[in-house]
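Before any comments, here is the structure.
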Amino acid sequence: MRNLLFFLSSFLFINSFAQRAVDYPIQGVPFNKVTISDQFWLPRIDTNRTVTIPSSFKKCEETGRVENFILAGKKNTDPSFKGKFQTQYPFDDTDIYKIIEGAAYSLTVHPDPKLGKYVDSLITIIGRAQEPDGYLYTARTIDPEHPHPWSGAQRWVNESILSHETYDSGHLFEAAAAWYQATGQRNLLNIALKNANLLCRVFGPGKRHDAPGHEIVEMGLVRLYRITGVKKYLNLAKFFIDCRGRYNNPKTTYTQDDKPVVDQTVAEGHAVRAGYLYSGVADVAALTGDTAYLQAIDKIWNNMASKKYYITGGIGAIPDGERFGDNYQLPNLTAYNETCASIANVFWNYRMFLLHGDSKYIDVLERTLYNSLRSGVSLSGDKFFYANPLACDGKYKFNRGSLTRQPWFDCSCCPTNMCRFMPSLSGYIYARNKDSLYINLFVGSSATLTLNGTNQITINQKTDYPWNGNDIISITPGKKSHFSVCVRIPGWVENHPVPSNLYAFESPYPHQFILKVNGKKTPYTLKKGYAVISRTWTKNDLIELNFPMPIRRVIANSQVKNDQNKVVIERGPIVFCLEGVDNEGNISNIVLPDSTKLKATFYPDLLGGIDMITGEAKVIKQSNGLVTQSCLIKAIPYFAWSNRGVDEMEVWIPNNLTGIIKEVK
Ligand code: FUB
Ligand code: ZN
């Protein structure tokens, strides 16, 4: 009988899901419909599966994060039990949720019964830690008389400042949705729904109206709504967004709470919170058709992309407050660029694309993905950057007090965010609407999707990206049919390194790329950054692409003080840097004149297989006054630095003597 009720309620959920009228005009092809075979990304995803996920679970055990759930469970069964919260931050529960989310994506393509069993055992422990009414927050449950100092004496009283209670819920919801999607199992989903139902009882019109201190619950609630079709979850996500700028005291820009979201115009405050908020706003805008939300995030996005965005794709310039700086305040040495903020930026830009169908958002996403996000984890998969600066002088301890990647942090949000992001990458490659298929990322992969309701299309992509711009994509529809394939033409091919005037190529390159179908040049129209090929497609039709990848020099807008008289070396989507070890240990006196010819060579055995860019530059030396000598410089991809010990590093390289100046914070 219980099973029947379960079946009926699932059926009703799915039914209401199908009836949803408004949504993103474009849908992503989800991670579980895409298999990555790419020579660049697959080894990294495999390392995430074999090293990052297991080592992070181990850290959660060693540091007491798992123990926190066990202790909370004991308290739930025996109120006289005396326990003590084992770790430092009230949001440490989220690390386990994030790794479970990553394990879920990973298991979809790589079944691993041992891992599945381990996650199930964790879910059992998590379930026991949940209080009977759905509350799940070990920082209070273990010892309610003495909760974590950030948590407040009673539930929720510190929610808008420090407690992270709904932040914990948000990550729980994300993990539960992923686990359910990946395995079909409802064990974590049931825990999540019980917690979400509690939130719905506590918060809302006429009830509590705190704006969450650290956003993510909005996105998490939307995921629960998408799975269940239960409207109250979407309503609560919208309610939380609408609380911002209205009720909290104090109202801070740090938490994007100084004004109502619809009146906000600039990217502000803590960058991870901001990125998660803007992603949640996009989700709710898509599902409710709220145009005021749309206008707000469009304005905020313009501010970010034109004034607060690093050439590496990082966001959140300022360490103090882990936050966005003022317009054009983009220091290099002290750049914070938290790994989590890069991940949040990918979430946000992907949603902006789904809303607008413009490739400029994928340009931002791609730059972040291949550079500042990728740099967050070592090649070995077990050491991490929390901050991702654009320069290192070997003295300023940028990485939470250290000069290089670390295996874990007291606040370990970045490693565990990496666990969940890496295996979800398959979900960002393709998208579709009713009769168009979008190819956004050039990542070797195969996918299946449906167009026009019934036509099942199989895609196969083979490429050497990002090291060269050749790409072959086969399209096989279930039945011969007419539709459009929209191939993204990256901004860097079109002479726009970014979709704003924040950065430009020093010298333009003639617009040229090759696009053929079945060996012949094909007609296409350029629309919102996509080459749209509309034709009748049949089995194994082949799209061939070639994006020339000359080595380019990028310069910054004159308002970015720290980047004047300097250039960045780029090739394709990859940003390069100088690291001491390749350049006789000292890079601070190197000048790269515009006349220096640069050459790219692929080294399969260096740093996991990378392009190195070399050229005859100048080095300034002190010997009875300043002397200039020739020197060979070697630049490696930014993402690969700091894999060979502590070192100096520089992304912006002086192209004349004036460029060798001190950094402005
Ligand atoms: O507050 C939770 C997480 O810890 C944030 O997202 C990170 O920036 C770190 O402060
Ligand atoms: Zn982080």
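Go through the residues of the stretch 77-85 one by one and say whether even a single one is touching a Pro at 6+ places or on another chain (Cβ under 9 Å) and touching a residue at least 40 places away in the same chain (Cβ under 8 Å). Checked the stretch 77-85: at least one residue is touching a Pro at 6+ places or on another chain (Cβ under 9 Å) and touching a residue at least 40 places away in the same chain (Cβ under 8 Å). Here the condition is being assigned to a loop (DSSP other than H, G, I, E, B) and either open to solvent by less than 10 Å² (accessible area, probe 1.4 Å) or within 16 Å of ligand 2 (Cβ to nearest atom) (or both); of LEU365, LEU373, LEU369, LEU330, it holds for LEU330 alone.
Among the residues of the stretch 414-432, just one is away from ligand 2 (no atom under 12 Å from the Cβ) and among the β-branched types (Val, Ile, Thr), namely ILE429. Number of residues in the stretch 637-652 that are at positive phi and of a type outside the set (Ser, Thr, Tyr): the value is 1. Residue under question is CYS392, and the condition is that it be within 16 Å of ligand 1 (Cβ to nearest atom) and either modelled with pLDDT of 95 or more or not assigned by TED's automatic domain parsing to the domain that holds GLY491 (or both); does it hold? So CYS392 does not fit the description; no. Scan the stretch 629-655 for residues that are aliphatic (A, V, I, L, M) and not in a strand (DSSP E or B) and the total you get is 3. Close contacts from the stretch 419-438, counting a first residue that is farther than 27 Å from PHE483 by Cβ and a second that is of a type in the set (A, V, I, L, M, F, W, C) and at pLDDT 95 or above, with Cβ to Cβ under 7 Å and a gap of 6+ residues or different chains, come to CYS419/ILE53; CYS419/ILE99; PHE421/ILE343; MET422/ILE45; PRO423/ILE45.
In the stretch 269-303, how many residues are open to solvent by less than 20 Å² (accessible area, probe 1.4 Å) and assigned to a loop (DSSP other than H, G, I, E, B)?
Within the stretch 269-303, the subset open to solvent by less than 20 Å² (accessible area, probe 1.4 Å) is 269-287, 293, 296-297, 300-301, 303.
The next check asks that each one be assigned to a loop (DSSP other than H, G, I, E, B); those that pass are 269.
Residues in the stretch 269-303 being open to solvent by less than 20 Å² (accessible area, probe 1.4 Å) and assigned to a loop (DSSP other than H, G, I, E, B): 1 in total.
Kindly provide the set of residues from the stretch 538-551 that are open to solvent by 20 Å² or more (accessible area, probe 1.4 Å) and acidic (Asp, Glu), ordered by number. Scanning the stretch 538-551 gives a single hit, GLU544. Within the stretch 456-488, the set of residues being surrounded by fewer than 17 Cβ atoms within 10 Å (Cβ to Cβ) and among the acidic types (Asp, Glu) comprises just one member, ASP464.
Figure legend. Inter-residue proximity from the stretch 508-532: first residues closer than 17 Å to ILE473 by Cβ, second residues polar (S, T, N, Q) and part of a loop (DSSP other than H, G, I, E, B), beta-carbon distance below 8 Å, spacing 6+ or different chains. Indicated pairs: LEU515/THR522; LYS516/THR522. Annotation: ILE191 fulfils all but one of (1) under 21 Å from PRO30 (Cα atoms); (2) open to solvent by less than 20 Å² (accessible area, probe 1.4 Å); the unmet one is (1). Annotation: of all residues in the stretch 380-389 being assigned to a loop (DSSP other than H, G, I, E, B) and within 12 Å of ligand 2 (Cβ to nearest atom), the one that is surrounded by the most Cβ atoms within 10 Å (Cβ to Cβ) is ASN388. The set of residues in the stretch 78-92 that are open to solvent by less than 60 Å² (accessible area, probe 1.4 Å) and within 15 Å of ligand 2 (Cβ to nearest atom) comprises TYR89, PHE91, ASP92.
Residues checked against (1) within 27 Å of ARG374 (Cβ to Cβ); (2) modelled with pLDDT under 95:
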site: GLU494; (1), (2): yes, yes
site: ASN501; (1), (2): yes, no
site: LEU542; (1), (2): no, no
site: MET549; (1), (2): yes, no
site: ASP563; (1), (2): yes, no
site: VAL567; (1), (2): yes, no
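The set of residues in the stretch 489-537 that are among the aromatic types (Phe, Trp, Tyr) and either in a loop (DSSP other than H, G, I, E, B) or surrounded by fewer than 14 Cβ atoms within 10 Å (Cβ to Cβ) (or both) comprises TRP492, TYR509, PHE513, TYR524. The set of residues from the stretch 427-444 being open to solvent by 10 Å² or more (accessible area, probe 1.4 Å) and polar (S, T, N, Q) comprises ASN433, SER436.
Given the structure, is LEU221 open to solvent by less than 20 Å² (accessible area, probe 1.4 Å), within 16 Å of ligand 1 (Cβ to nearest atom) and out of contact with any Pro (no Cβ under 6 Å at 6 or more places or on another chain)? Here the answer is no, as LEU221 does not meet what is asked.
Among the residues of the stretch 236-272, the ones that are without any contact (Cβ under 8 Å) to a residue 60 or more places away in the chain and within 16 Å of ligand 2 (Cβ to nearest atom) come to 2 in all.
Could you go through the stretch 250-269 and let me know if any residue there is small (Gly, Ala, Ser) and within 16 Å of ligand 1 (Cβ to nearest atom).
Yes, there is a match, as at least one residue in the stretch 250-269 is small (Gly, Ala, Ser) and within 16 Å of ligand 1 (Cβ to nearest atom).
In the stretch 55-71 there is no residue matching the filter, namely being over 25 Å from ASP168 (Cβ atoms), open to solvent by less than 60 Å² (accessible area, probe 1.4 Å) and among the hydroxyl-bearing types (Ser, Thr, Tyr).
Restricting attention to the stretch 341-354, does a residue exist that is at pLDDT 95 or above, assigned to a strand (DSSP E or B), open to solvent by less than 10 Å² (accessible area, probe 1.4 Å) and more than 16 Å from ligand 1 (Cβ to nearest atom)? Even if it seems obvious, please write down each step before you answer.
Taking the stretch 341-354 first, the residues at pLDDT 95 or above are 341-354.
Narrowing the set further to residues that are assigned to a strand (DSSP E or B) leaves none.
Among the residues of the stretch 341-354, not one is at pLDDT 95 or above, assigned to a strand (DSSP E or B), open to solvent by less than 10 Å² (accessible area, probe 1.4 Å) and more than 16 Å from ligand 1 (Cβ to nearest atom), which makes the answer no.
Per the conditions (1) of a type in the set (D, E, K, R); (2) buried (at least 16 other Cβ atoms within 10 Å of the Cβ); (3) modelled with pLDDT under 90, the sole criterion not satisfied by LYS621 is (2). Of all residues in the stretch 209-235, those that are farther than 18 Å from CYS340 by Cβ have Cβ atoms under 6 Å from Cβ atoms of residues that are not in a helix (DSSP H, G or I), 6 or more apart or on another chain, in HIS209/TYR247; ASP210/GLU159; ASP210/SER160; ALA211/SER160; ALA211/ARG244; ALA211/ASN248; ALA211/ASP257.
Those residues that are within 15 Å of ligand 1 (Cβ to nearest atom) and among the β-branched types (Val, Ile, Thr), I need them from the stretch 314-340; list them, please. If you could, list the steps in order and put the result at the bottom.
Start the filter on the stretch 314-340 by keeping residues that are within 15 Å of ligand 1 (Cβ to nearest atom), which leaves 314-324, 335-340.
Scanning the stretch 314-340 gives ILE315, ILE318, THR339.
For the subset of the stretch 390-413 comprising residues that are over 15 Å from CYS577 (Cβ atoms) and open to solvent by 40 Å² or more (accessible area, probe 1.4 Å), which member is nearest to ligand 2 (Cβ to nearest atom)? Going through the qualifying residues, I end up with ARG400. Look at (1) open to solvent by less than 10 Å² (accessible area, probe 1.4 Å); (2) in a helix (DSSP H, G or I); (3) within 16 Å of ligand 2 (Cβ to nearest atom) and you find that GLU215 fails only one, number (2).
Taking the criterion of being more than 19 Å from ALA635 (Cα to Cα) and in contact with a Leu (Cβ under 9 Å, 6 or more places away or on another chain), the residues of the stretch 364-408 that qualify are LEU365, GLU366, LEU369, LYS395, TYR396, LYS397, PHE398.
The values are calculated or read from the model by the stated rules, or taken from the named source; none is laboratory data. Note that the coordinates shown come from a computational prediction; the quantities given were computed from them, not determined experimentally. Because the Cβ atoms are built from the backbone with ideal geometry, glycine has one as well, and the counts that use them run over all protein chains shown. SASA here: full protein model, heavy atoms, side chains in, ligands and nucleic acids out. Shrake-Rupley method; radii C 1.70, N 1.55, O 1.52, S 1.80 Å.
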